[in-house]
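Colleague: Got a structure here, written out as structure tokens. Questions coming.
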Amino acid sequence: MRITYRDKAWELPGGMTAGDAIKKVGLDPEAVLVVRNGELVTDDVILSDEDEVKLIAVVSGGDGEVS
Amino acid sequence: MRCRRCSKPAVINMRQHKLALCGEHFLGWIPAQTQRFIKKYEMFDPGETILVAVSGGKDSLSLWDLLLSLGYEARGLYIDLGISEEGYSSSSLAKVDRFVEKREGARLKVVDVKEVYGKSIPQLARERPEQKTCSLCGLVKRYIMNETALEEGAVLATGHNLDDEAAVLLQNVLHWQTGYLLRQAPVLPSTHPRLAQKAKPFFRFYERETAAYAILRGIDYIYEECPFATGATTIFYKELLNRLEGRSRGAKLQFYLSFLRAREKGFFLRMLPFGPERIPSVNEGLELGECERCGQPTTAPGLCAFCRLWKVAEAEVG
Ligand code: SF4
Ligand SMILES: [Zn+2]
Ligand SMILES: [Zn+2]
């Protein structure tokens, strides 16, 4: 299956969970959401060879508003 | 994984609540929870005007969307920081404009920093290499948000989520910034006629939940980060907290909620002449004067930090 994240892309074999795929590409499952074939899914879904997976970063930064 | 309520496939698993939900139930859960916290923390009442500070990002646009859908008189405020690097400010404003176009009756006010004060944030930052861009930017934004909320007679609402709050808390704890700890809260009541009430209705949601809400509601938000955010310490602290969360479910939530409980018990309160039972507030324990130029409360004599910033900038130009 094809996995994209920001401007990066990977090809991984099907049969693993989305959570494992996230770890495999070096990301933190806590910090991304998984969109499989256009649908938001939980990271326990098992991905198949044909799936198009988009990982969406959820962490945003900036002003640490301290006052 | 299945939805706890209807057993359709879940779209999100909120491990800290042991709760997985499908799209439909998640889109019902988020507003109900938000409404509950608005009430519980006395953020604002149904009849009040709310000014939502929007950046074009997922949190603030989701908050505005949600408050509108709950029937609040919620107006938007977009502060144009003039960040032309990577077209950041113009593309984020474009997202906000699109959001407004799609919602009949949504009112947006745009304050262009350069137009009003003469300089954009990057220009200001270049003149002050010793100061971090984000802290300058934060100062300017907070000032304009407060002023605009006062003008509109509104309560100011920002899209801060639990990850934002926990990251700031971690930062403040690591430096034992007790003054900041005292002022970090889901709601800050107005303690001075020149200070608007401030509320963070999303403070109990993890960042992944506000992102999921935006996606499910079809909100087109700015996904790219502000170019100055890369390497920002907040992101580093968020990553640390996420690793902690991965090891121990609910760690972020517990960290922040335990802090709030300690704060409510008065652990961060100075003993004041009028007793420790007073609600800790933005100026607790501080002697507040008024800025000679704009009248906003300030701890410094003479000018407030915001007016000092522009005064120095003017002096350098002239
Ligand atoms: S990342 Fe920093 S400079 Fe950019 S908008 Fe946020 S606070 Fe301002
Ligand atoms: Zn359901
Ligand atoms: Zn001032």
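Colleague: Determine which member of the set B:Leu216, B:Leu182, B:Leu240, B:Leu188 is more than 30 Å from B:Ala20 (Cα to Cα) and open to solvent by 20 Å² or more (accessible area, probe 1.4 Å).
Modeller: Selected residue: B:Leu188, the only one of B:Leu216, B:Leu182, B:Leu240, B:Leu188 that is more than 30 Å from B:Ala20 (Cα to Cα) and open to solvent by 20 Å² or more (accessible area, probe 1.4 Å).
Colleague: Out of the helices (runs of 4 or more DSSP H) lying entirely within region B:79-167, which hold 2 or more residues that are within 14 Å of chain A (Cβ to nearest Cβ) and within 16 Å of the chain's Cα centre (by Cα)?
Modeller: Correct list: B:133-152.
Colleague: Scan region B:190-201 and give yes if some residue there is more than 29 Å from B:Cys291 (Cβ to Cβ) and of a type in the set (S, T, N, Q), otherwise no.
Modeller: Checked against the condition, which is being more than 29 Å from B:Cys291 (Cβ to Cβ) and of a type in the set (S, T, N, Q), region B:190-201 yields no hits at all.
Colleague: For B:Ser60, which of the numbered conditions (1) within 14 Å of chain A (Cβ to nearest Cβ); (2) touching an Asp or Glu at 6+ places or on another chain (Cβ under 9 Å) fails to hold?
Modeller: So the condition that B:Ser60 fails would be (2).
Colleague: Out of all the residues in region B:181-207, which are assigned to a helix (DSSP H, G or I) and within 16 Å of the chain's Cα centre (by Cα)?
Modeller: Once the filter is applied, which keeps residues that are assigned to a helix (DSSP H, G or I) and within 16 Å of the chain's Cα centre (by Cα), region B:181-207 yields B:Leu181, B:Arg183, B:Glu207.
Colleague: All but one of (1) within 14 Å of chain A (Cβ to nearest Cβ); (2) crowded, with 19+ Cβ neighbours inside 10 Å; (3) basic (Lys, Arg) hold for B:Arg75; state the number of the condition that does not hold.
Modeller: It fails just one condition, (1).
Colleague: Let me ask another. From A:Val53, A:Val32, A:Val25, which residue is facing chain B (nearest Cβ under 10 Å) and either surrounded by 14 or more Cβ atoms within 10 Å (Cβ to Cβ) or in contact (Cβ under 8 Å) with a residue 12 or more places away in the chain (or both)?
Modeller: Among A:Val53, A:Val32, A:Val25, only A:Val32 is facing chain B (nearest Cβ under 10 Å) and either surrounded by 14 or more Cβ atoms within 10 Å (Cβ to Cβ) or in contact (Cβ under 8 Å) with a residue 12 or more places away in the chain (or both).
Colleague: Just a yes or no: is a residue in region B:32-54 within 14 Å of chain A (Cβ to nearest Cβ), in a helix (DSSP H, G or I), of a type in the set (Gly, Ala, Ser) and under 26 Å from B:Glu225 (Cα atoms)?
Modeller: No, there is no match, as no residue in region B:32-54 is within 14 Å of chain A (Cβ to nearest Cβ), in a helix (DSSP H, G or I), of a type in the set (Gly, Ala, Ser) and under 26 Å from B:Glu225 (Cα atoms).
The values are calculated or read from the model by the stated rules, or taken from the named source; none is laboratory data. The structure presented is a predicted model; accordingly, all values stated were derived computationally and were not measured. Reconstructed Cβ throughout: ideal geometry from the backbone, glycine too, with neighbour counts over all protein chains shown. Side chains included, ligands, DNA and RNA excluded: accessible areas come from the protein's heavy atoms. Shrake-Rupley method; radii C 1.70, N 1.55, O 1.52, S 1.80 Å.
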